[in-house]
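Trainee: Encoded as structure tokens, here's the structure I'll be asking about.
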Amino acid sequence: MSAPDTGRTVLVTGGSSGLGAAVVAAVARSGGRPLVLDRQPPADGVPWIECDLADTRGAEEATRRLVERTGGLDAVVTAAGIDVPGRLADVPGETWDRIVAVDLLATAAVIRAALPFLEASRGHIVTVASTLGLKAVSDATAYCAAKFGVVGFTRALAAELAGSVGVTLLVPGGMRTAFFDDRDAQYRPGPDAILNEPADTAAAIMFALSQPVGCAVRELVVCAEQETSYP
């Protein structure tokens, strides 16, 4: 699978675990330099700033500080995401708001702060939505609202930045990560669940980032062949 040119700097939100960590590893293997915004430290040696992405103004400031500290930016991958499934009446308002803040509002905030650097480098953005950004299901009002928002945001952003910054929307299905670990048992994938490996989804991101200036991979749906949440 193709990868970004050697030396390319890629900022990854949520880069300490799950898909984000897989992207960080893939960037490093390609000879690039990953940067991370997360609440937990990433792999050893990866430059990062501790950041609660639910604080969107704080996320903007952390983005600027990290990129200025490391001297420029070629790509952003907004891999951070959270979910707490449950019926709307049962999910506390603060929890519901936090899901939308991390999954949608922080996506926009980090990209907003990164734009001057990406425009200077003629860089690339990859946003991470979900198959539940295309197909709504019960007990996921916050997550669906956020991920449907990421889809609309990214499509509008691609139109806005055409000719200056590349924009790709990634729509992944379920992956074998810790994303499901803290859920109530009824919302966890069963032992026979068909899920993708995060490294395989990260490889699709690397393919999008490998495209030459002016050639855009606009949207990617990456899921297991028998993924039940798509289409």
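The values are calculated or read from the model by the stated rules, or taken from the named source; none is laboratory data. Note that the structure is predicted; figures quoted are calculated from it, not measured. Here Cβ is always computed from backbone atoms with ideal geometry, including for glycine, and neighbour counts include all displayed protein chains. Quick note on the areas: whole protein, heavy atoms, side chains included, nothing else; ligands and nucleic acids left out. Shrake-Rupley method; radii C 1.70, N 1.55, O 1.52, S 1.80 Å.
Trainee: Given a 1.4 Å probe, how much area per residue of segment 187-231 is accessible, in Å²? Walk me through the numbers on the way to the answer.
Mentor: Numbers: 2620 Å² over 45 residues.
Counting only protein heavy atoms, the per-residue value for segment 187-231 is 58 Å².
Trainee: Between SER121 and ASP182, what is the spin-label point distance in nm, taking each point 7 Å from the Cα along the Cα→C-beta axis?
Mentor: 3.0
Trainee: Counting only protein heavy atoms, what percent of the accessible surface of segment 12-98 is carbon or sulfur at a 1.4 Å probe?
Mentor: Numbers: 1910 of 4020 Å².
Carbon and sulfur: 47 percent of the exposed surface of segment 12-98.
Trainee: Just want to confirm a number: the relative contact order over segment 49-160, from Cα pairs under 8 angstrom separated by 6+ residues, in percent. Walk me through the numbers before you get to the answer.
Mentor: Numbers: 145 pairs, mean separation 37.0, N = 112.
For segment 49-160, the relative contact order is 33 percent.
Trainee: Just to verify a number: FRET efficiency for ASP97 and ASP200, C-beta to C-beta distance, R0 = 35 Å, to 0.05? Please list the in-between numbers first.
Mentor: Details: r = 32 Å, r/R0 = 0.92.
That pair, ASP97 with ASP200, gives E of 0.60.
Trainee: So if I place +1 on the C-beta of Lys and Arg and -1 on the C-beta of Asp and Glu, and nothing else carries charge, what would the dipole magnitude of segment 45-119 be about its Cα centre? I want it in debye, nearest 20.
Mentor: Working: 7 positive and 13 negative charges, 28 e Å.
The dipole of segment 45-119 has a size of about 140 debye.
Trainee: Given a 1.4 angstrom probe, what's the average accessible area per residue across segment 1-99, in square angstrom? Display every interim value, and only then the final one.
Mentor: Details: 4620 Å² over 99 residues.
I get 47 Å² per residue for segment 1-99.
Trainee: Here's another thing I want to ask about it. Taking every alpha carbon pair in segment 12-113, what does the distance histogram look like in 5 angstrom bins from 0, in percent?
Mentor: In order of increasing distance, the bins hold 2, 14, 24, 23, 17, 10, 5, 3, 1, 0 percent.
Trainee: Run lengths n ≥ 4 of DSSP H only: what is the helix-derived mean residue ellipticity at 222 nm for the chain, with -39500 (n - 2.57) per run over all residues, to the nearest 500?
Mentor: Numbers: 6 runs with 84 residues, N = 231.
After summing the helix terms and dividing by the residues of the chain, the value is -11500 deg cm²/dmol.
Trainee: Just want the answer: with Cβ charges of +1 for Lys and Arg and -1 for Asp and Glu, which residue in GLY31, GLY86, THR56 is farthest toward the dipole's positive end in the chain?
Mentor: Ranked along the dipole, the leading option is GLY31.
Trainee: Turning to a different aspect of this structure: Could you compute Rg(Cα) / (2.2 N^0.38 Å) for the chain, with N its residue count?
Mentor: Numbers: Rg = 16.5 Å, N = 231, 2.2 N^0.38 = 17.4 Å.
For the chain, the normalised Cα radius of gyration is 0.95.
Trainee: A follow-up question, please. Out of segment 1-94, which trypsin sites (Lys or Arg not before Pro) are coil in DSSP terms and have no more than 10 other C-beta atoms within 10 Å?
Mentor: Details: sites: ARG8, ARG29, ARG39, ARG57, ARG64, ARG65, ARG69, ARG87; in loops: ARG8, ARG39, ARG87.
Here the trypsin sites (Lys or Arg not before Pro) that fit, given the DSSP loop and packing criteria, are ARG87.
Trainee: Now a separate question. Taking springs between alpha-carbon atoms closer than 10 angstrom, which of THR127, THR107, THR141 fluctuates most in the Gaussian network model of the chain?
Mentor: THR141
Trainee: For segment 167-230, which whole-number percentage of the solvent-accessible area (1.4 Å probe, protein heavy atoms only) is attributable to carbon and sulfur atoms?
Mentor: Numbers: 1680 of 3480 Å².
The value for segment 167-230 is 48 percent carbon and sulfur by accessible area.
Trainee: Mind putting a number on the dipole of the chain about its Cα centre? Charges go on the C-beta only, +1 for Lys and Arg and -1 for Asp and Glu, and I need it in Debye to the nearest 20. Each step should come with its number before you reach the end.
Mentor: Working: 19 positive and 27 negative charges, 117 e Å.
Dipole of the chain, to the nearest 20 debye: 560 debye.
Trainee: While we're on this one: Where nothing but the Cβ of Lys and Arg (+1) and of Asp and Glu (-1) is charged, how large is the charge dipole of segment 129-231 around its Cα centre, in debye to the nearest 20? Mind dumping the intermediate values first?
Mentor: Values: 7 positive and 11 negative charges, 64 e Å.
Using only the charged Cβ atoms, the result is roughly 300 debye.
Trainee: Next question, about the same structure. When only Cα pairs under 8 Å and 6 or more residues apart are kept, what is the percent relative contact order across the chain? Each step should come with its number before you reach the end.
Mentor: Working: 466 pairs, mean separation 49.8, N = 231.
Relative contact order for the chain comes out at 22 percent.
Trainee: Then there's this: Springs between alpha-carbon atoms under 10 Å, Gaussian network over the chain: tell me which of ALA162, ALA106, ALA62 tops the mean-square fluctuations.
Mentor: Answer for the Gaussian network model of the chain: ALA162.
Trainee: Running a GNM on the chain with Cα contacts under 10 Å, which residue among ASP55, ASP139, ASP192 ends up with the highest mean-square fluctuation?
Mentor: Evaluated over the chain, the most mobile residue of the options is ASP192.
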